[in-house]
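The values are calculated or read from the model by the stated rules, or taken from the named source; none is laboratory data. Fair warning: this is a prediction, and the values are worked out from it, not measured in the lab. Here Cβ is always computed from backbone atoms with ideal geometry, including for glycine, and neighbour counts include all displayed protein chains.
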Amino acid sequence: MMEKLDKRDRAPVFRTRLAEAMAARGVTQAALARQTGVDRSTISALLQPGTRLPNAQLAADCAGALGISADWLLGLSGRPEPIADLLAASLTLTEAPRALIDERIFAWHQEAAGYKIRHVPATLPDMLKIRAMVEWEYTPQLGRTAEQAIGAFEDRLRWMRGAGSDYEIALPVHELTAFATASGYYEGLPADLRLKQLQHLIALCDQLYPSLRLCLFDARKLFSAPITIFGPQLAVIYVGRHYLAFRDSARVETITQHFDTLVREAEIGARDMPAHLRTLCKRVA
């Protein structure tokens, strides 16, 4: 948060930032005077020590001519970008292909390497799936390229597991129940494959805790769309064919608080997951 400046202190800040912006953009005093419709002597005076702040119209005109934020120029903001540019950068809509290898998601994982990643997946999280599960799920759409795609997918998983990020994953209780009983999305999934996948999850929970924490929440009490929070700087909501990606700190914090509520109110916590998974193994049989 910007420290609030006394009005008397804004004049030297304005003078310094105006000079910096002009130098960065190669704009001369004469050029800025033409663009703002004032005399060159007026611009020269703005850059002199001891000069008072200009009126709001001239400050806005200078900011507009230089492509910067008037608030930044006046010492009211720490970011020089105009507010429209900040808003455009803080929210992006990115296509979300139905694909095993999503380069955008992988790039976000690379960007967040070393940070904690919080995740509510749409189905079982891809990074926890065994190869046979990936083949069952994606081979129908990959066709003859399945082997190559799955190999590339496994390469990315190895990178993610070695990136130094902690992963906290929250799933609705009904998702794993549907998986164990081959209902809904998982209809037709062979019992031996379901059992191997559940045993793999047990092994991961036992071996990787606390760097991997998996919990289950009751969707009848708390609902969540699929989301991923990549450290403190990026939160992504999956809406089917697109990702909504937020980079402004307020929205990232709000989505993080939502995720933390899912964990805090979880029906099955991370420490109890192995026991719950073993119970689900019995339901497969």
### Task
Hey, can you tell me all the residues within the range 97-121 that are at pLDDT 85 or above and either surrounded by 14 or more Cβ atoms within 10 Å (Cβ to Cβ) or not assigned by TED's automatic domain parsing to the domain that holds Gln197 (or both)?
Trp108, His109, Ala112, Ala113, Tyr115, Lys116, Ile117, Arg118, His119, Val120, Pro121
### Summary
So, first residue under 14 Å from Ala203 (Cβ atoms) in the range 274-285, second residue acidic (Asp, Glu) and part of a helix (DSSP H, G or I), Cβ within less than 9 Å, six or more apart or across chains; the pairs are Pro274/Asp206
### Task
Run Trp72 past the list (1) exposed (fewer than 15 other Cβ atoms within 10 Å of the Cβ); (2) under 23 Å from Asp9 (Cα atoms); (3) modelled with pLDDT under 90; (4) of a type outside the set (A, V, I, L, M) and report the number of the one that doesn't hold.
(1)
### Query
Looking only at the range 265-277, which residues are within 12 Å of Lys221 (Cβ to Cβ) and either in a helix (DSSP H, G or I) or not small (Gly, Ala, Ser) (or both)?
Glu265, Glu267
### Task
For the range 43-51, state whether one or more residues are of a type in the set (Ser, Thr, Tyr) and either touching a residue at least 40 places away in the same chain (Cβ under 8 Å) or touching a helix residue (DSSP H, G or I) at 6+ places or on another chain (Cβ under 9 Å) (or both).
yes
### Query
When you go through Gly240, Gly231 one by one, which is the residue that is of a type outside the set (Phe, Trp, Tyr) and in contact with a Phe, Trp or Tyr (Cβ under 7 Å, 6 or more places away or on another chain)?
Gly231
### Message
Restricting to the range 214-234, give me the number of residues that are in contact (Cβ under 8 Å) with a residue 60 or more places away in the chain, surrounded by fewer than 20 Cβ atoms within 10 Å (Cβ to Cβ) and more than 21 Å from the chain's Cα centre (by Cα).
### Response
0
### Query
From the list Leu66, Leu18, Leu5, Leu53, which one is at pLDDT 90 or above and either within 30 Å of Ser249 (Cα to Cα) or not assigned by TED's automatic domain parsing to the domain that holds Ser249 (or both)?
Leu18
## Note on the structure
Pairing a residue in the range 152-171 that is at pLDDT 95 or above with any residue that is in a strand (DSSP E or B), where Cβ atoms lie under 6 Å and the two sit 6 or more apart in sequence or on different chains, gives Glu168/Arg118; Glu168/Arg213; Ile169/His119; Ile169/Leu214; Ala170/Val120; Ala170/Cys215; Ala170/Phe217; Leu171/Leu216
### Query
Residue check: is Ala30 in a helix (DSSP H, G or I), of a type in the set (A, V, I, L, M) and surrounded by 15 or more Cβ atoms within 10 Å (Cβ to Cβ)?
no
### Query
Given the conditions (1) under 28 Å from Phe259 (Cα atoms); (2) of a type in the set (Val, Ile, Thr); (3) assigned to a helix (DSSP H, G or I), which single one is not true for Ile150?
(1)
### Query
Any idea which of (1) modelled with pLDDT under 75; (2) surrounded by fewer than 19 Cβ atoms within 10 Å (Cβ to Cβ); (3) more than 30 Å from Ala149 (Cα to Cα); (4) of a type outside the set (Val, Ile, Thr) is the one Pro80 doesn't satisfy?
(2)
### Summary
Per the filter on the range 172-213, residues without any contact (Cβ under 8 Å) to a residue 60 or more places away in the chain and in a loop (DSSP other than H, G, I, E, B) are Ala182, Ser183, Glu187, Gly188, Leu189, Pro190, Ser211
### Query
Name the pairs: first residue in the range 238-262 and over 21 Å from Val173 (Cα atoms) and surrounded by fewer than 17 Cβ atoms within 10 Å (Cβ to Cβ), second residue at pLDDT below 90 and of a type in the set (Asp, Glu), Cβ to Cβ under 9 Å, at least 6 apart or on different chains?
Arg241/Glu95; His242/Glu95
